[in-house]
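The values are calculated or read from the model by the stated rules, or taken from the named source; none is laboratory data. Since we're looking at a predicted model, the values are computed, not measured. When we count neighbours, we look across all protein chains shown, and the Cβ atoms used for this are built from the backbone with ideal geometry, even at glycine.
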Amino acid sequence: MDHVFNTEEEAYAAYKQFARLRGFGVRKGDVARVDGVLVRRDFFLPPEMKIYLDAQDQVWKVRRIDDSHNHPLAATMFNHLLPSHRSLSESNKAQVDSLKKFGIATLKIMAYMAGQSGGYGMLQFTKRDLYNYVHIQRLSQINDGDAAATISYLEGKANADIMSVARYTKPLEGRLGSLFWADGQMMADYKLFGDVVAFDATYRSNKYKKPLVVFSGSNHNKQTAIFGFALLEDEEVRTYRWVLLNLVDIMDNKKPSVVVTDGDKAMRAAIDDVLPSARHRLCGWHLEKNCVMQVKEPDFRKVFKKEMYANLDVLVFEDHWTTTVQSLGLMNNSWVKSTYELRHSWATTYLQGTFCTGYRTTSRCEGINAFVKGFLKSTNSLLELVHSLDRVVKVIAITRLQPSSIRRITRPC
């Protein structure tokens, strides 16, 4: 009762420590103010402590402590899990922040930190506490708005890489339309390997469901090279046209000779407009996926795959296709008819002599698609999406270094 405290928070901290040792939780209760100045504070659950401000000495003193309990006290081993005693320490927060930067899931962070501490019961916080902290950190990163935070982050990257570029549209105030960005390494790769560009817009892994475009290619070691990313306002011709114009402009007006796409009509129209001299090739992986969904006849799928990759004479190809379609009764299948009309964009028969740097088979498109999706979540904010794609680029860069390092080590003197 004779103990005094310099501040109200100091008194609360002391009472919390006392409560933890005894096995009960506390929370702040009623207050009294005089001319806007706090002069009294109650702390409870039962038991309770009342403190008041001594105006003469300007210290806080204890007026009353009720040490009676109307419930069983917690066992000592569980005291740290009472709501008022749970918290993430500064070191815990620093570790969580670091792991989140590498895209580690919150649940896995919880398991990792439990392992470090000797079990979940030894942690000073619960799963809910951890999720709440991560959520608050997410909100703090986009305090001025998700779009504004994302643009600010991309523009800020220019401080470390003067070649980094971010371009965007804002059709309405405060709302992001389309966004395109690339860094110096992407531009350097495009200059060397940008003759063949894969243009994939199949990703919607963000909470706004914006289509994400990944521009990629293949380097001299047949490894994946990323040339840029774009988030689209929609999938209209004008939007794809805007993205392609910015790609060409940023890449010093170098235009690819071959563009590999998933066959979207709006995308094809934009390519014909912006890149009229480029050969348009349809991605075999997307074609095979569509074939499975649109044609239920297994025998046709086998024939279609052969027609796509076999180096057949034109007359042989045409005769084989016609015979197969008629024998399987697929003459009126709309997908079969529309795909045949585009045969010059996917059949090896009509693509002979076209340099495609490894995009002849489906494995490259499939590999890039699966790899990128492994870093993305449907709940990602725009800023989190950009951070995740930064990690994609870093992992690819590390992977690309390995073969050349091995060659340097094993090369004879």
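General observations
- Criterion: in the same structural domain as PHE227 (by TED's automatic domain parsing) and out of contact with any strand residue (DSSP E or B) (no Cβ under 8 Å at 6 or more places or on another chain) - qualifying residue of LEU99, LEU192, LEU123: LEU192
- Selected residue (criterion: surrounded by the most Cβ atoms within 10 Å (Cβ to Cβ)) from residues of segment 211-235 that are outside any strand (DSSP E or B) and in contact (Cβ under 8 Å) with a residue 60 or more places away in the chain: GLU233
- Within segment 236-263, the set of residues being over 20 Å from ARG281 (Cβ atoms) and either hydrophobic (A, V, I, L, M, F, W, C) or assigned to a loop (DSSP other than H, G, I, E, B) (or both) comprises GLU236, TRP242, LEU245, ILE250, ASP252, ASN253.
- Of the residues making up segment 307-328, just one is within 43 Å of the chain's Cα centre (by Cα) and of a type in the set (Asp, Glu), namely GLU307.
- Flag if ASP195 is at pLDDT 90 or above, charged (D, E, K, R) and surrounded by fewer than 22 Cβ atoms within 10 Å (Cβ to Cβ): yes
- Helices (runs of 4 or more DSSP H) lying entirely in segment 281-394 (those with 3 or more residues that are over 30 Å from ALA182 (Cβ atoms), free of Cβ contacts under 8 Å to residues at least 12 places away in the same chain and polar (S, T, N, Q)): 314-327
- Test result for ASP249, free of Cβ contacts under 8 Å to residues at least 12 places away in the same chain and over 30 Å from ARG301 (Cβ atoms): yes
- Filter result for TYR120 (of a type in the set (Phe, Trp, Tyr) and either touching a Cys at 6+ places or on another chain (Cβ under 6 Å) or modelled with pLDDT of 85 or more (or both)): no
- Test result for THR169, farther than 22 Å from LYS373 by Cα and touching an Asp or Glu at 6+ places or on another chain (Cβ under 6 Å): no
- Looking across segment 277-296, the residues that are modelled with pLDDT of 90 or more and over 33 Å from the mean Cα position of the chain (by Cα) come down to SER277, VAL295.
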